[in-house]
Amino acid sequence: MPVTSIANAEWKGSIKEGNGQVQFGALKGEFTRASRFETGDGTNPEQLIAAAHASCFSMQLSGLLTADGTPPTSLKTKAAVTVEAGVGITTIVLEVEGVVPGVDAAKFEATATKAKEVCPVSRALAGVKDISVKATLKS
């Protein structure tokens with residue numbers, strides 16, 4: 001059965017002086033041009049993409065590992081999304097550290113690469129030319 005997720009955003013004012021709010025689920029955040037392209041307080045669309053990508057990738061990797069009979073004890077994923085004004089999102093780097101009994105580093109890295117390829121958020125971001133993954137197996 002399909003699931004539709006909803007987020008709401010409102011922007012007030014000009015691009016330079018304006019501000020906005022975004023809300024999804026129980027989370028709510030403010031955003032401005034400065035929070036996106038400078039060092040201003042608040043969130044920005046790329047942070048939200050990073051959060052979506054990190055969480056989706058983690059679940060996908062867990063699913064693949066579990067299907068192989070080696071469920072993870074833990075997976076910690078950091079997603080770094082780089083945006084360039086006038087260009088768009090240029091890179092996304094996924095860094096995952098996992099504790100996975102019964103899996104060696106090569107298998108973990110291969111499974112993480114597969115997870116990046118099949119993760120629904122990765123697929124939705126296919127227009128980003130450089131999406132990479134760095135996988136580190138912890139004991």
How high is the relative contact order of segment 1-128, in percent, counting Cα pairs under 8 Å that sit 6 or more residues apart?
17
With both bridge residues required to lie in the chain, what share of the DSSP beta bridges run antiparallel, to the nearest 5%?
70
First select every other residue whose beta carbon is under 12 angstrom from the beta carbon of Thr91; then total the charges, Lys and Arg +1, Asp and Glu -1.
-2
Between Thr70 and Lys28, what is the FRET efficiency for a Förster distance of 30 Å, r being their Cβ-Cβ separation, to the nearest 0.05?
0.20
At q = 0.15, 0.20, 0.25, 0.33 1/Å the base-10 log of I(q)/I(0) from the Debye formula over the alpha-carbon atoms of segment 96-135 is -0.39, -0.62, -0.84, -1.15
Accessible surface, per residue, of segment 67-139 when the full set of protein chains is kept, probe 1.4 Å, Å²:
58
Taking protein heavy atoms only, a 1.4 Å probe, and rounding to whole percent, the accessible area of the chain owed to carbon and sulfur comes out at 53
Please determine, in degrees from 0 to 90 and to the nearest 10, the orientation of helix 105-118 with respect to the longest principal axis defined by the Cα atoms of the chain, where the helix direction is its Cα long axis.
40
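Tally Lys and Arg at +1 and Asp and Glu at -1 over the other residues with C-beta under 10 Å from the C-beta of Thr82: what net charge comes out?
-3
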Return one quarter of the surface area of the convex hull spanned by the alpha-carbon atoms of the chain, equal to its mean projected area, in nm².
9.9
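The values are calculated or read from the model by the stated rules, or taken from the named source; none is laboratory data. Note that the coordinates shown come from a computational prediction; the quantities given were computed from them, not determined experimentally. Every residue, glycine as well, gets a Cβ built from its backbone with ideal geometry; the counts of neighbours run over all protein chains shown. What goes into the accessible areas is simple: the full protein's heavy atoms, side chains included, and nothing from ligands, DNA or RNA. Shrake-Rupley method; radii C 1.70, N 1.55, O 1.52, S 1.80 Å.
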